[in-house]
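Since the structure comes first, as C-alpha cells, the remarks are kept for the end.
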Amino acid sequence: MSDGRVNADQQQQENMVKPPVKRSHTLLIVTYVCLFVGSIASSLLAKYYFVHGGSSRWVSTWVQSAGFPLLLTLIYFPRYVFKTTTRRPFTRFTRRHLIFSVLIGFVLGFNNFLFSWGTSYLPVSTSSLLLSTQLVFTLILSAIIVKQKINFSNLNCVVLLTLSSVLLALGSSKDKPAGLTKTKYYIGFVSTIGAGLLFALYLPVTEKLYRSVYCYAMVMEVQLLMELSATVFATIGMAFDGGFREMAKEANHVFTKGPTVYWTVAIFANVVTWQLCFAATSGMVYLTSGITGGICMTALLAMNVIGGVVVYGDEFGGVKIVSTVLCIWGFSSYIYGMYMKMKEEEKEKGEYSGVKTTEDGGEMEVEMGKVKDDVAAADDRV
C-alpha cells in the first residue's frame, strides 16, 4: 500500500513538475500560432462590431472575457481525454494563487474596457500601433518586478517599436475618421495608450505568478479565474448600462448585417478569438517571459495594421509604412538575439548542478530535487 502510494506520487510529480526553464519547442510554436491567429482575428472582429452599427463599449468589453468556459477544454482534456497527465485539475492552488488571479482579472477587465473605448473611435491600424507603446513599460516593469535583465537585444527592440509609435502620434492628425470630433478622437487615443500601459503591468505580474505553478494546465486554470473576474467586471458594467438589452436591440434593429451575423460573428466569433488570444498570451509568458510575450504581441500589431488596411480600407501612408517597418525590424532583431542566446544555452546544457534533464516523447522534463520534495509534501496534505 505504501509502495503504491510512493509510485503514484512519483508518477504524479513527473507529470506536474515541468518548469518553463526547459520547454517543448513544439508547444511553443503551437502557442505562438494560436497567438498569431487570435490576436489578428480578435482585433479585426472587435472593429467589425463597431463598423457595422454596434455601439456599446460594454458589449465589446464583455465578449473579450465571456468565453472563459472554453478554457475548461485545455484544463480537463489532458487528463480525461488524452490521458497525458495524472494531475487532477485545480489542485495545488493556494490562497495566493486565488487572490492574485482575481485581482489581476479585475485589472484585465478594466484594460478590456479601455481597449473597447479606443477601438470604437480609432482605425484598427492606428490603435494597433499605439498599443505598441506598452513595450517600453513592459521592459521597465519586468526589470523591477521579475528582475528581467536589460540587454542590447531587448533594449534595441523596445527603442525601435516605441519610435514607431512616436512617429504614428506625430502623423495622427491626418488619420482622424470622417465625422469624428477631435475630442472623441483624442479620447480614443488616450484610452488605447491606457490599455497598453495596463497590459504592460499585466505581463510581468502574471510572469511572477506563473513561476509558482507546476504545469501548463495550471496556467490555464489561473487564466480561467482571471477571465472569470474580468467577466464579472464587464457584467456589472453591462447591467448598469443596459448592455444586455442593448444586444437584443442592436441585433434586431441596428446591426447592418442582420441578427444572424450579429450573433455568430460580432458576438460568438469575438468570444472565441479573444479567448484564443488571451490563452496563448498566458502560455507564451509561462513558456518564455513577460517581455518576450510583449514583444511577440507587439510584432503582431504590424500584421494588425496590414489587416486594417486590407479589411477596412484604413489609410496606409508614409508614416504607417515607416512605423510598420520599424516594428518588423525591432522584432527581427529580438528574435536574432533570442536565437544567439539559445545557442549559448545549448552549449551549457547539463552543466547546472542539482538539475537533471530527460527526454520523453520529444519534450523536456526537468527533475528538481527541492521542487519534487515540496510537491511530495503537498501530496501528503491533500
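Taking the square root of 5 times each eigenvalue of the Cα gyration tensor, what semi-axes in Å does the equivalent ellipsoid of the range 235-286 have, largest first?
27, 16, 5
Return one whole number: the accessible area per residue of the range 71-133 in Å², for a 1.4 Å probe.
45 Å²
Over 5 Å intervals from 0, what percent of Cα-Cα pairs in the range 303-345 sits in each interval?
Percent of Cα pairs in each bin: 6, 21, 19, 16, 12, 10, 9, 6, 3.
Using only the alpha carbon atoms of the range 63-116, find the Kirkwood hydrodynamic radius as the inverse mean reciprocal pair distance, in angstroms to one decimal.
13.2 Å
Treating only the Cβ atoms of Lys and Arg (+1) and Asp and Glu (-1) as charged, compute the dipole magnitude of the range 242-340 about its Cα centre; round to the nearest 20 debye.
120 debye
Could you state the number of Å between the C-alpha centres of the range 43-68 and the range 250-270?
Taking the Cα centre of each part, the range 250-270 and the range 43-68 sit 10 Å apart.
Classify the range 27-160 as rounded, prolate or oblate from the Cα gyration tensor: take a ≥ b ≥ c as the square roots of its eigenvalues, call it rounded if a/c is under 1.5, otherwise prolate when a/b beats b/c and oblate if not.
Numbers: a/c = 1.72, a/b = 1.18, b/c = 1.46.
Judged from the Cα gyration tensor, the range 27-160 comes out oblate (a/c at least 1.5, b/c at or above a/b).
Could you rank W329, W263 by how accessible they are, 1.4 Å probe, largest area first?
Most to least solvent-accessible, the answer reads W329, W263.
Report, in listed order, any pair from K184/K320; K182/K257; K47/K320; K149/K208; K83/K343; K83/K208 with a Cα-Cα distance greater than 26 Å.
The pairs that break the limit, which is 26 Å between Cα atoms, are K182/K257; K83/K343; K83/K208.
At a probe radius of 1.4 Å, what is the per-residue accessible area of R88, in Å² to the nearest 10?
110 Å²
Sort K320, K343 by accessible area with a 1.4 Å probe, largest first.
Ranked list, largest accessible area first: K343, K320.
What number comes out for accessible area per residue over the range 187-328 if the probe is 1.4 Å? Units Å², please.
Accessible area per residue, the range 187-328: 36 Å².
Carbon and sulfur atoms: what percent of the 1.4 Å accessible area of the range 251-318 do they account for?
Here carbon and sulfur together make up 69 percent of the probe-accessible area.
The values are calculated or read from the model by the stated rules, or taken from the named source; none is laboratory data. Not measured: the values here are computed from a predicted model. Glycine gets a Cβ as well: all are built from the backbone with ideal geometry, and neighbour counts include every protein chain shown. Protein only, heavy atoms only, side chains kept; ligands, DNA and RNA dropped before computing areas. Shrake-Rupley method; radii C 1.70, N 1.55, O 1.52, S 1.80 Å.
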